[in-house]
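S.K.: Please see the structure below; I have some questions.
The values are calculated or read from the model by the stated rules, or taken from the named source; none is laboratory data. Being a predicted model, the structure only gives us computed values, none of them experimental. Because the Cβ atoms are built from the backbone with ideal geometry, glycine has one as well, and the counts that use them run over all protein chains shown.
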């Protein structure tokens, strides 16, 4: 049965629009109890020259999380400054010069910023770290139901030409798509063939957790996204854009808050690089700040840490796709924000400048996706902006153009959701088809081909849409084109 689900971060349901997102090589992992070897020992791996052992941190009331940044390649100045000021190392990424610290006390960040070798330091959240960070629970395995109903391409797949691509191209299992989200139900009958648990993990709370099932969905959002990308071509249920590719889950949402904090996102991008993902889907924004402004030292540290992680993954061959957001907001002309920080008391009418950006969608190299409805008009909720939107894809527009996008939900079920969260995985699926056909292409080459093959859409009769048919502020380069990616359609 099709059911509406609660609105998620970059997902809208019904008429509501809500903005919804083993040790790594060179990573110091935190104290997740049952993760890969050395996680929980609190010790810095021997791979970091000259690093001393770090005591096992313990949770206590009032504990906060911080990024401490150094020059890439050597995090020892950060570790030294953290320990000297009563903090503990929860995770570290020497390759990008980022350390996640936990500490109490109001002056921790301002003091650490002054330490030799420390470039930046800032709080990653405006609330205390939950106790679950030190006692993470593996999400339960949902009981499975057998999918029923005839499989057929629906309006969303037809809009991107997948009805033409699916008979000839499903993608390659050698292409790995990482779903950075609330988790994925990899046992869903429409996903179990594509799902790779060995490349899946949880990054919730900012520390890598490789325990069996840690990647499971804590909501339904991530499973819905995964189905749009790769639901099986098996005659029942729903179809994904690229059912032949491999899907991995990287859970970056915490429980019970459901928020996607910066340290979780950094962990996710670094894991994507280490695992050799080809594409990541990011249908979220990095909490607690919807827009991060570089003139604030805390937000500046978040901006730089996430930027480094995204760039590191791209340099390791990973293309990133992200949802543009669901506030019907002009990203090119930001004014104020009254929703942040969303983990405590938001600041009313917080002034924004052009330098304030939404992470990860506004970072360089990230493919930013707006949403359309069944009538191929901008969804009523979708963000937009000149030189902000790269491409568009079906996200659904309940109450205006359609009932939403149908895809998988946990337990072998299906459900309708709408949002730029639902648009982004259509783009991710097309990118995976291109990566399957051209495994030698770099992320930059995949981006270029996505844009070149996109089907143009004219601006509607709406003064907010600026640009021409080839590129405009509502649709960017146009609707992604699965048929062209499969070689059975024309660009433009």
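S.K.: Can you list the strands (runs of 3 or more DSSP E) lying wholly within segment 65-161 that have 1 or more residues being more than 30 Å from residue 212 (Cβ to Cβ)?
M.R.: Answer list for segment 65-161: 98-103, 120-123.
S.K.: What about residue 417, is it closer than 17 Å to residue 221 by Cα and modelled with pLDDT of 95 or more?
M.R.: Considered against the rule, which asks whether it is closer than 17 Å to residue 221 by Cα and modelled with pLDDT of 95 or more, residue 417 comes out as yes.
S.K.: Could you grab me the full set of residues in segment 267-287 that are surrounded by fewer than 24 Cβ atoms within 10 Å (Cβ to Cβ) and part of a loop (DSSP other than H, G, I, E, B)?
M.R.: Result: 276, single match.
S.K.: Moving to a separate point now. Residue 255: outside any loop (DSSP other than H, G, I, E, B) and surrounded by fewer than 24 Cβ atoms within 10 Å (Cβ to Cβ), yes or no?
M.R.: no
S.K.: For segment 422-474, how many residues are assigned to a helix (DSSP H, G or I) and closer than 22 Å to residue 328 by Cβ?
M.R.: Number satisfying all stated conditions: 6.
S.K.: Considering 174, 196, 181, which residue is in contact with a strand residue (DSSP E or B) (Cβ under 6 Å, 6 or more places away or on another chain) and modelled with pLDDT of 95 or more?
M.R.: 196
S.K.: Just to check your reading of the model, which residue among 189, 115 is in contact with a helix residue (DSSP H, G or I) (Cβ under 8 Å, 6 or more places away or on another chain) and on the phi < 0 side of the Ramachandran plot?
M.R.: 115
S.K.: How many residues does segment 105-149 hold that are over 22 Å from the mean Cα position of the chain (by Cα) and farther than 26 Å from residue 219 by Cα?
M.R.: 17
Table: residues versus (1) touching a strand residue (DSSP E or B) at 6+ places or on another chain (Cβ under 6 Å); (2) closer than 21 Å to residue 469 by Cβ; (3) modelled with pLDDT under 95.
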| position | (1), (2), (3) |
| --- | --- |
| 347 | no, no, no |
| 356 | no, no, no |
| 362 | no, no, no |
| 365 | no, no, no |
| 379 | yes, yes, no |
| 383 | no, yes, no |
| 386 | no, yes, no |
| 392 | yes, yes, no |
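S.K.: Output the number of the condition that residue 479 fails; it satisfies all remaining conditions of (1) in contact with a helix residue (DSSP H, G or I) (Cβ under 8 Å, 6 or more places away or on another chain); (2) crowded, with 23+ Cβ neighbours inside 10 Å; (3) within 30 Å of residue 144 (Cα to Cα).
M.R.: The one condition residue 479 does not meet is (3).
S.K.: Now for a different question. With respect to residue 244, is the statement that it is farther than 16 Å from residue 177 by Cβ, modelled with pLDDT of 95 or more and part of a loop (DSSP other than H, G, I, E, B) true?
M.R.: Spelling it out, it is not the case that residue 244 is farther than 16 Å from residue 177 by Cβ, modelled with pLDDT of 95 or more and part of a loop (DSSP other than H, G, I, E, B).
Per-residue answers, yes or no, for (1) at pLDDT 95 or above; (2) touching a helix residue (DSSP H, G or I) at 6+ places or on another chain (Cβ under 8 Å); (3) surrounded by fewer than 23 Cβ atoms within 10 Å (Cβ to Cβ):
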{"position": "371", "(1), (2), (3)": "yes, yes, no"}
{"position": "374", "(1), (2), (3)": "yes, yes, yes"}
{"position": "389", "(1), (2), (3)": "yes, no, no"}
{"position": "411", "(1), (2), (3)": "yes, no, yes"}
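S.K.: Let me ask something else about it. Which numbered condition trips up residue 40, out of (1) out of contact with any strand residue (DSSP E or B) (no Cβ under 6 Å at 6 or more places or on another chain); (2) surrounded by 15 or more Cβ atoms within 10 Å (Cβ to Cβ); (3) modelled with pLDDT under 50; (4) on the phi < 0 side of the Ramachandran plot?
M.R.: (4)
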